[in-house]
C-alpha cells in the first residue's frame, strides 16, 4: 500500500513537458529533460537561465530547500518540536542568518541581481506546490529570497571549514593524559603550544561539547552534508587523445534527495554543465565550453576556539575590557512554549557557551571576519576560459578554503588552494587559546599569491584527496587536520602511466584497493603465529592483496580484526567516550572532526610499525579471536557467506524515514558496498558504527575530456518529489560504475527524445 501511494503521489509531481507562461522571464526558455533526469536549460540570456534554474530547483527540491532554510535560520523546532530545540539554539548562536544580512550590502550589484533573479524563479516554481513532507509535518513552504541563497552559502562554508571539533578532542586528550600522554596518542603538535588549563576552562569546554552533541544528534537526522572528496587532472602527455582529462567525486553525507542537482545551463555566450546546490544559482563543480574544475575540501585550519572571561557585558582582552554584543532570539517550538536564547558575541566571534561564573568559549572563523567576495569569485569562475584565468579569479575566494583542480581545452592543468587563511600571533590554532592573551590572535591573512598552486607540472597530473597541500614544516602554516595520504597515493600510483582514457578514470573512481590494508597485511605476516584459531582463514587473510571488494571474505576479516586491534590498543587509556571522539565520527552535521575521520587507521599503522612498548603478537592474537567471534555473530556460522559487503552496507535515507512505515517509500535501496575510508571509492565508517556507511561517499562522479565528451552520475537520482521514479533512477548504474553522458550538444540531446518544456515570457498580445 505504501508503494502504491508513493507511485500515485509521484504522478502529482513536477511537469517536465508542455508550454505555459512564466511571469518574470525576459525571453522564452526551453527546458529539455534527458533520460537521466538532467534539465538542459536553453535561454537567450544569463538572467533567464538562472531564473529557470531557480524554478526547476523549486519544483524538484522544494522541501530540501525549506529544510536548508530552517537549518540556516535555526528554525527546525517550528516543525519538528522540542526535540529540535538544541539544534536551533546552537545554530542561532552561530548567527549565519545574521551574517548573511550583514554581508548583503557588501555584495556586488551584479551578484545581488543574479541572486534576486534566481529567487524570483524559485517562487514561481513554488506556486501551488506542497510536497508530501509538508503534508506530513503540517507546514508550508515559505517564499524564497536572495538572502536565503546567501545564507546557505554561509552554512555550507561553515560546514566545509569546520575543524573546531578537532581542537576539542586535542584539548580533552591533553587534559586527561597530559602533554606527553597526548603525544603518544597523536596529538600532532609541530611546536609546543601553551594553553589555558584549570577547572573553570575544563568545565566550559565540557559543557560546550555536551551542548553541541545534543545539537548534532538532531542535525545528523535531517541535514545532508559532510565533506571530503577526490579530484585529479591529467595532462595531454598522459592522455590517449592528447586532450586534458579531469575527474572529480565530492564526498558528502548520503541522504535522499541528493545534496546536488545536476543541470545544464546554456546561453549564446556560456555553456555550463555540472552539479548545483538547490537554493543557489550556478554550478558548484563541472565545466563550461573552455575549462573544467573539480573541488575537494582542504581542511585548512580556519576555526579556533577561544576561552573567554566575561564580567557583565564586558569581555577581557589584552588591552582591557571590551563591550560584548548582545541580542535576544525567540525560538518558536511546535507544541510547546517558545524558547528564548540570549546570544553574546565578542570581537572574535559568537560565544558558543558561557556560565554564571563568567567562563565562556567563543569561536573565531574566517567567515565571521570582514568582507566576503566568494560569490563574486564563484560567478567569475563560471565564465573563465583557461586554467590561468581561473587561478586568478580564485584569488578573490574567501570561504570555505578549498582545493581546486583545473583543466582547459588548450591542454593546461593546474591546482589552486583558494580562500582566507589566517596568520596567528605566536600560535598555530591547534588548541584553544585564551582571548585575554595576545597569543592566538589573528593578525593578518596569507596573501593569495602565497597559497599553494601548480600549473602544468612536469609529472603530467594533479591530485587532490584532502591530504596536506604542503609539508607541515613549510610556510605558510595551514593546519594539521588533513586526511592521511592513502587515497592520494593510490590515485598517483594509477596515474603513473600513459594513454589514459575516460574509461581508465572511471575505473579509478571505483577502485577499492587500500594501500593501508596492504601495509596492515605486511604487519600481520610479521606478528601472526602458527597454532592460532582458524588457520585456513588466517592463510587466506595473510595472502590477501588489500582489495576491499564487496565480495571479498579476507576484506571482511581484516576490517573486523583491525577495528578490534584499534580498541585493544587505545581504548584502555582513552575511555569509551574520548576513544570514539578521537577516532572521529565519519560524519557530523557541522563538520567531520577536522578531517580526523579514519585517521585512527594511520595512527594504528604507525604505532604497529614501530612495535614499541607493546606485545603486538599478543594484541593481534586477541584481536583475531574477537574478529572470528564477531564474524560469526555478524555473518552467521556458514563461512561461505562471509564477505565485506555483507557487513558494509549503504542506504541513503530521507529525513522523514524515521516516521514508522515510511522508510520503504522514502529511502533508497540497501546496497552492499566495497572500499573504506582509505580507498579511492570512499565509504567511511568509524568504530562506533563500523559497518553502516553513513558518511563520506562519492556524492557525484564527473569525468571530463576537455574539448571532447563528459560523463557523470549521482548516487540516487535527480528527483526530490516523493514517489517520482527519478528519485532512485541512478542507483544501479552508480553501484556498477556506469556514468551517463553529459549531453551538452543540442543535436545529440534532441536525438534522445527528451521531455520538452517551453516556458513563455509574458508579453503584450502574446499567443501560445
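The values are calculated or read from the model by the stated rules, or taken from the named source; none is laboratory data. Small disclaimer: the values here were computed from a predicted structure and weren't measured. All Cβ positions, even for glycine, are placed from backbone atoms using ideal geometry, and neighbour counts span all protein chains on display.
Let me spell it out: the conditions are (1) without any contact (Cβ under 8 Å) to a residue 40 or more places away in the chain; (2) farther than 30 Å from residue 679 by Cα, and residue 467 meets all of them except one. Which number is the exception?
Going through (1) without any contact (Cβ under 8 Å) to a residue 40 or more places away in the chain; (2) farther than 30 Å from residue 679 by Cα one by one, residue 467 breaks only (2).
Out of 44, 34, report the one residue that is more than 22 Å from residue 119 (Cβ to Cβ) and modelled with pLDDT of 95 or more.
Selected residue: 34, the only one of 44, 34 that is more than 22 Å from residue 119 (Cβ to Cβ) and modelled with pLDDT of 95 or more.
Residue 712 passes all but one of (1) modelled with pLDDT of 95 or more; (2) part of a loop (DSSP other than H, G, I, E, B); (3) surrounded by 15 or more Cβ atoms within 10 Å (Cβ to Cβ); which number fails?
Checking residue 712 against (1) modelled with pLDDT of 95 or more; (2) part of a loop (DSSP other than H, G, I, E, B); (3) surrounded by 15 or more Cβ atoms within 10 Å (Cβ to Cβ), the one that fails is (2).
For segment 528-610, which helices (runs of 4 or more DSSP H) that fit wholly inside it have 2 or more residues that are surrounded by 22 or more Cβ atoms within 10 Å (Cβ to Cβ) and at pLDDT 95 or above?
Because the criterion is at least 2 residues that are surrounded by 22 or more Cβ atoms within 10 Å (Cβ to Cβ) and at pLDDT 95 or above, the helices (runs of 4 or more DSSP H) in segment 528-610 that meet it are 553-574.
Tell me which of these residue 295 doesn't satisfy, since it passes every other one: (1) surrounded by fewer than 24 Cβ atoms within 10 Å (Cβ to Cβ); (2) out of contact with any strand residue (DSSP E or B) (no Cβ under 8 Å at 6 or more places or on another chain).
Answer for residue 295: the failing condition is (2).
At least 3 residues that are in the same structural domain as residue 281 (by TED's automatic domain parsing) and either more than 30 Å from residue 171 (Cβ to Cβ) or at pLDDT 95 or above (or both) in each: list the strands (runs of 3 or more DSSP E) lying fully within segment 373-431 that qualify.
By residue number, 402-408, 413-418.
Does residue 446 meet the test of being at pLDDT 95 or above and farther than 19 Å from residue 390 by Cβ?
For residue 446, the condition - at pLDDT 95 or above and farther than 19 Å from residue 390 by Cβ - is met.
So which residues in segment 635-655 are over 30 Å from residue 257 (Cα atoms) and surrounded by 15 or more Cβ atoms within 10 Å (Cβ to Cβ), if there are any at all?
Matches in segment 635-655: 635, 639, 642.
With (1) under 30 Å from residue 362 (Cβ atoms); (2) in contact (Cβ under 8 Å) with a residue 12 or more places away in the chain as the list, and residue 29 as the residue in question, which single condition is left unmet?
(1)
Specify which of the listed residues (623, 631) is under 25 Å from residue 486 (Cα atoms) and over 25 Å from the mean Cα position of the chain (by Cα).
The match here is 623.
So, in segment 265-278, how many residues would count as being farther than 22 Å from residue 654 by Cβ and buried (at least 23 other Cβ atoms within 10 Å of the Cβ)?
So the answer is 4.
Looking at 461, 455 in this structure, which one is surrounded by 14 or more Cβ atoms within 10 Å (Cβ to Cβ), over 25 Å from the mean Cα position of the chain (by Cα) and touching a residue at least 60 places away in the same chain (Cβ under 8 Å)?
Among 461, 455, only 455 is surrounded by 14 or more Cβ atoms within 10 Å (Cβ to Cβ), over 25 Å from the mean Cα position of the chain (by Cα) and touching a residue at least 60 places away in the same chain (Cβ under 8 Å).
For residue 657, work out the one condition from (1) on the phi > 0 side of the Ramachandran plot; (2) not assigned by TED's automatic domain parsing to the domain that holds residue 33 it doesn't fulfil.
(1)
Which residues, taken from segment 127-156, are at pLDDT 95 or above and either more than 18 Å from residue 276 (Cα to Cα) or exposed (fewer than 14 other Cβ atoms within 10 Å of the Cβ) (or both)?
Of everything in segment 127-156, just one residue is at pLDDT 95 or above and either more than 18 Å from residue 276 (Cα to Cα) or exposed (fewer than 14 other Cβ atoms within 10 Å of the Cβ) (or both), namely 143.
Does residue 692 fit the bill of being under 24 Å from residue 569 (Cβ atoms) and either touching a residue at least 40 places away in the same chain (Cβ under 8 Å) or not assigned by TED's automatic domain parsing to the domain that holds residue 517 (or both)?
Spelling it out, residue 692 is indeed under 24 Å from residue 569 (Cβ atoms) and either touching a residue at least 40 places away in the same chain (Cβ under 8 Å) or not assigned by TED's automatic domain parsing to the domain that holds residue 517 (or both).
Residues that are at pLDDT below 95, touching a helix residue (DSSP H, G or I) at 6+ places or on another chain (Cβ under 9 Å), under 25 Å from residue 655 (Cα atoms) and surrounded by 14 or more Cβ atoms within 10 Å (Cβ to Cβ): does segment 13-30 have at least one?
Checking segment 13-30: at least one residue is at pLDDT below 95, touching a helix residue (DSSP H, G or I) at 6+ places or on another chain (Cβ under 9 Å), under 25 Å from residue 655 (Cα atoms) and surrounded by 14 or more Cβ atoms within 10 Å (Cβ to Cβ).
Considering only residues that are more than 23 Å from residue 292 (Cβ to Cβ) and touching a strand residue (DSSP E or B) at 6+ places or on another chain (Cβ under 8 Å), which ones fall in segment 730-760?
731, 735, 750, 754, 755, 756, 757, 758, 759, 760
Quick check: is even one residue across segment 216-236 at pLDDT 90 or above, surrounded by fewer than 21 Cβ atoms within 10 Å (Cβ to Cβ) and assigned by TED's automatic domain parsing to the domain that holds residue 114?
yes
Yes/no per residue for (1) surrounded by fewer than 22 Cβ atoms within 10 Å (Cβ to Cβ); (2) more than 28 Å from residue 62 (Cβ to Cβ); (3) without any contact (Cβ under 8 Å) to a residue 24 or more places away in the chain:
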residue: 242; (1), (2), (3): yes, yes, no
residue: 248; (1), (2), (3): no, no, no
residue: 252; (1), (2), (3): no, no, no
residue: 256; (1), (2), (3): no, no, no
residue: 280; (1), (2), (3): no, no, no
residue: 300; (1), (2), (3): no, yes, no
residue: 331; (1), (2), (3): yes, no, no
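Could you check segment 613-654 and list, in sequence order, the residues that are in contact with a helix residue (DSSP H, G or I) (Cβ under 6 Å, 6 or more places away or on another chain) and part of a loop (DSSP other than H, G, I, E, B)?
642, 643, 654
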